[in-house]
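For reference, the structure discussed in these notes is given below.
Here, each number is a calculation from the coordinates, and none is a lab measurement. All of these numbers come straight from a predicted model, not from anything done at the bench. Every residue, glycine as well, gets a Cβ built from its backbone with ideal geometry; the counts of neighbours run over all protein chains shown.
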Amino acid sequence: QKEVEQNSGPLSVPEGAIASLNCTYSDRVSQSFFWYRQYSGKSPELIMSIYSNGDKEDGRFTAQLNKASQYVSLLIRDSQPSDSATYLCAVSGAGSYQLTFGKGTKLSVIP
Amino acid sequence: NAGVTQTPKFQVLKTGQSMTLQCAQDMNHNSMYWYRQDPGMGLRLIYYSASEGTTDKGEVPNGYNVSRLNKREFSLRLESAAPSQTSVYFCASSGDHRGEQYFGPGTRLTVT
């Protein structure tokens, strides 16, 4: 059984701070890693994808992947109240059509 | 482009009734998926279709059937609804095997 673990939170950070969201996964052959943002009552929205070890930056978002430790993280710099949402980590295997999702971390950015 | 669309947005059913949830995508994606999302359980895959003409079971397929009508459309059918099927249902699509999936707005289903 493939598992993706996230701290459920809530994670509270002040406006302007860095929010750090973490995810671990159990399947060593996982190849693709994603972060989705889900506002309350809305559908998941893809915000970052990462496929190789290291960092990937996109605006205020940085995804970090460490396959040896089976760990992926998302950093949000200069956090804004509009970043308040649940963040879902998702993982897929090599050539797999299926994503395994974590249960999500709820982030609250305090003005 | 509308992306992924789903109908209906809301539905209330009585136990034993049947219904079909519709999903369509205009991104020319090969793969389509149906998930359910329940509090504390996260997103769970019900069925998926890797390409037109194929369907496969996901993690929680019992009580559901699917049809990949054509490349654009993928429907989910509940033959005899049960209260345990009360959930939010999301359809998603992806264009390649790397896994980037794009979600529709969801259907909130209540079974009484």
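The Cβ shell under 15 Å around A:GLN98 holds other residues with a net charge of -1, Lys and Arg each +1, Asp and Glu each -1. Net charge dipole, segment A:1-89: roughly 180 debye, given to the nearest 20, about the Cα centre with Cβ charges of +1 for Lys and Arg and -1 for Asp and Glu.
Taking the Cα centre of chain B as origin and charging only Cβ (+1 Lys, Arg; -1 Asp, Glu), how large is the dipole, in debye to the nearest 20?
Details: 11 positive and 9 negative charges, 53 e Å.
I would put it at about 260 debye.
For segment A:1-62, the set of trypsin sites (Lys or Arg not before Pro) satisfying both a DSSP loop assignment and a count of at most 12 other C-beta atoms within 10 Å is given as A:ARG28. Relative to the Cα centre, the charge distribution of the protein assembly as shown, modelled as +1 at Lys and Arg Cβ and -1 at Asp and Glu Cβ, gives a dipole magnitude of about 440 debye.
The mean count of C-beta atoms from other chains within 10 Å of the C-beta of residues in B:98-109, rounded to a whole number, is 5.
The Cβ shell under 15 Å around B:TYR47 holds other residues with a net charge of 0, Lys and Arg each +1, Asp and Glu each -1.
Normalised by the residues of chain B, what does the relative contact order come to in percent, with Cα pairs under 8 Å and at least six apart?
Working: 294 pairs, mean separation 40.2, N = 112.
Computed value for chain B: 36 percent relative contact order.
For segment B:1-107, applying the loop criterion from DSSP together with a ceiling of 12 other beta carbons within 10 Å to the chymotrypsin sites (Phe, Trp or Tyr not before Pro) yields no site.
Of B:LEU43, A:SER52, B:PRO8, which is farthest towards the positive pole of the protein assembly as shown's charge dipole, taken about the Cα centre with +1 and -1 on the beta-carbons of Lys, Arg and Asp, Glu respectively? Looking along the dipole axis, the top candidate is B:PRO8.
Sites listed here are trypsin sites (Lys or Arg not before Pro) in segment B:1-70 whose DSSP assignment is loop and whose Cβ has at most 12 other Cβ atoms within 10 Å: B:LYS9, B:LYS14. Residues B:VAL12, A:VAL4, ranked from the fewest to the most other C-beta atoms within 10 Å, line up as B:VAL12, A:VAL4.
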